[in-house]
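Encoded as structure tokens, the structure appears first; notes follow it.
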Amino acid sequence: MTSPYGLHRVLEPAGVLPQQAWRLDPTPVCGADEVVVDVERLNLDAASYRQLREEHGVAGLRRAVLDIVAERGKVQNPVTGSGGMLLGTVREVGPDSPLGLRPGDRIATLVSLTLTPLRITDGLERWDGTDEQVPCAGTAVLFGRSIAAVLPDDLPDALALSVLDVCGAPALTDRVVRRRAARSVLVLGGGGKSGSLSLAAARRAGAGRLVALVPAQAEAAAVRAAGLADEVVVADARDPVAVAAAVGEPVEVTVVCVDVPGCEHGAILATADGGTVVFFSMATSFPAAALGAEGLAADVEMLVGNGYVPGHAAFALDLLRAEPTVRALFEHRQTQQA
């Protein structure tokens, strides 16, 4: 009997959900409420890709990912705990699946690879390790409580996958800015995928002062040219004092979209008392955030960006279509990685 949460796919330890499990069963036999997908491309999350690249080098990335999948039946970086998502074609749909998918649908999964049973059958032979998007042949399994989006016809696959990989960030930014009627918003990592979309979402939600913090002048120039922020500042997000100095007057909402650890305290220092920090990075240490806020006597609300907001996929894709400068940043990023 299948479980909508995927409990029947957990091999060890028994009794935990698939994301917590050490090992999953990726056998591509479709259960009553499951969907089996022929995988075409993986998208490793930015924090995981950076960590694996720094540890193993570009030449060792393929073997590192293959070893993780072979051992665990899923992609779950043992250091960051994160995974990513995938693109593929629906092979089979169980009779009780509630996902509304049909065989032949080309989809992007909107749930993490850390809980998605996965087999790789081509040895990742087409991936050179220079890009977080990984050409791949294999199979994956979705559960009754999984989420997936049918790929749009008007966008290239790689572009749509890049947007859907981070679609929770702009949707949550929109919700927080509107709920607070926030006038000022800071995005750490404002030149990246989730960061640029979050800036656009904050502007659409009514924020008056938008600050983008980026690590290098070249990235700052790109964000300025795109007109995504009122202020673009350059600082190391891991240096709390430098972040606070660069931002100046504290903001009401800070959105953390970085792919490196150690950025919690800077985000807290840059946020005004009574403000909100949204940690939308898998590199975040939540103990460091909580204890840091306590140690700094900072009266800030801290939110975990969990990657899901109802309607987040459509929201992010609509932002990309409506904001040519955002799309240009995404396409430039892909050109650089090609």
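Scan the range 181-191 for residues that are of a type in the set (Gly, Ala, Ser) and surrounded by fewer than 24 Cβ atoms within 10 Å (Cβ to Cβ) and jot them down. Walk me through how you get there before you give the answer.
Taking the range 181-191 and keeping what is of a type in the set (Gly, Ala, Ser), we get 181-182, 184, 189-191.
Those that are of a type in the set (Gly, Ala, Ser) and surrounded by fewer than 24 Cβ atoms within 10 Å (Cβ to Cβ): Ala181, Ala182, Ser184.
Based on this model, can you work out whether Glu294 counts as of a type outside the set (Ser, Thr, Tyr) and in contact with a strand residue (DSSP E or B) (Cβ under 8 Å, 6 or more places away or on another chain)? Explain how you work it out, then say what you get.
Values: of a type outside the set (Ser, Thr, Tyr): yes; in contact with a strand residue (DSSP E or B) (Cβ under 8 Å, 6 or more places away or on another chain): no.
Taking the combined requirement at face value, the residue does not satisfy it.
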inquiry  = Cβ-Cβ under 7 Å, sequence separation 6+ or interchain: first residue in the range 71-100 and among the acidic types (Asp, Glu), partner crowded, with 17+ Cβ neighbours inside 10 Å and at pLDDT 95 or above. Which pairs?
reply    = Glu92/Cys30; Glu92/Val36; Asp96/Asp33
query = Can you pull out the residues in the range 131-187 that are out of contact with any helix residue (DSSP H, G or I) (no Cβ under 8 Å at 6 or more places or on another chain), assigned to a loop (DSSP other than H, G, I, E, B) and not β-branched (Val, Ile, Thr)?
reply = Gly144, Arg145, Ser146, Asp153, Pro156, Ala181, Arg183
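Residues are listed down the side, and each one gets a yes or a no for (1) surrounded by fewer than 24 Cβ atoms within 10 Å (Cβ to Cβ); (2) in contact with a strand residue (DSSP E or B) (Cβ under 7 Å, 6 or more places away or on another chain):
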{"position": "Gly81", "(1), (2)": "yes, no"}
{"position": "Glu92", "(1), (2)": "yes, yes"}
{"position": "Thr116", "(1), (2)": "no, yes"}
{"position": "Thr130", "(1), (2)": "yes, no"}
{"position": "Pro135", "(1), (2)": "yes, yes"}
{"position": "Leu142", "(1), (2)": "no, yes"}
message = Quick check on the range 32-70: of everything there that is surrounded by fewer than 22 Cβ atoms within 10 Å (Cβ to Cβ) and among the small types (Gly, Ala, Ser), which residue is nearest to Val258 (Cα to Cα)?
response = Gly57
query = Since Val111 meets every condition but one in (1) within 19 Å of the chain's Cα centre (by Cα); (2) assigned to a loop (DSSP other than H, G, I, E, B); (3) of a type in the set (A, V, I, L, M); (4) surrounded by fewer than 20 Cβ atoms within 10 Å (Cβ to Cβ), which condition does it not meet?
reply = (4)
inquiry  = For the list (1) in a helix (DSSP H, G or I); (2) in contact (Cβ under 8 Å) with a residue 24 or more places away in the chain; (3) among the aliphatic types (A, V, I, L, M), I need the number of the one condition that Ile68 fails.
reply    = (2)
note = Only one of Ser112, Ser48 is of a type in the set (Ser, Thr, Tyr) and under 14 Å from Ser146 (Cα atoms), namely Ser112
request  = Only residues that are within 20 Å of the chain's Cα centre (by Cα) and crowded, with 19+ Cβ neighbours inside 10 Å: list them for the range 201-222, please.
outcome  = Ala201, Ala202, Ala212, Leu213, Val214, Glu219
query = So which of Thr2, Thr80, Thr89, Thr27 is in a strand (DSSP E or B) and β-branched (Val, Ile, Thr)?
reply = Thr89
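Scan the range 98-119 and give yes if some residue there is in contact with a Leu (Cβ under 9 Å, 6 or more places away or on another chain), among the small types (Gly, Ala, Ser) and at pLDDT below 95, otherwise no. Please lay out each step first, then the result.
Step one: of the range 98-119, the residues in contact with a Leu (Cβ under 9 Å, 6 or more places away or on another chain) are 99, 101, 105-111, 113, 115-118.
After this cut, where a residue has to be among the small types (Gly, Ala, Ser) as well, the list is 108.
Now restrict to residues that are at pLDDT below 95: none.
For the range 98-119, residues in contact with a Leu (Cβ under 9 Å, 6 or more places away or on another chain), among the small types (Gly, Ala, Ser) and at pLDDT below 95: absent.
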message = Among the numbered criteria (1) crowded, with 23+ Cβ neighbours inside 10 Å; (2) in a helix (DSSP H, G or I); (3) out of contact with any helix residue (DSSP H, G or I) (no Cβ under 8 Å at 6 or more places or on another chain), which one does Ser198 miss?
response = (3)
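Has the range 168-182 got any residue that is touching a residue at least 12 places away in the same chain (Cβ under 8 Å), more than 18 Å from Val253 (Cβ to Cβ) and not hydrophobic (A, V, I, L, M, F, W, C)?
Step one: of the range 168-182, the residues touching a residue at least 12 places away in the same chain (Cβ under 8 Å) are 168-178, 180-182.
In the following step, the residues that additionally are more than 18 Å from Val253 (Cβ to Cβ) were identified as none.
Among the residues of the range 168-182, not one is touching a residue at least 12 places away in the same chain (Cβ under 8 Å), more than 18 Å from Val253 (Cβ to Cβ) and not hydrophobic (A, V, I, L, M, F, W, C), which makes the answer no.
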task = Considering every residue within the range 317-336, establish whether at least one is touching a Ser or Thr at 6+ places or on another chain (Cβ under 8 Å), under 19 Å from Val187 (Cβ atoms) and either at pLDDT 95 or above or aromatic (Phe, Trp, Tyr) (or both).
result = yes
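The values are calculated or read from the model by the stated rules, or taken from the named source; none is laboratory data. Please read these numbers as outputs of a predicted model, since none were measured by experiment. Cβ coordinates were reconstructed from backbone atoms using ideal geometry, including for glycine residues, and neighbour counts include every protein chain displayed.
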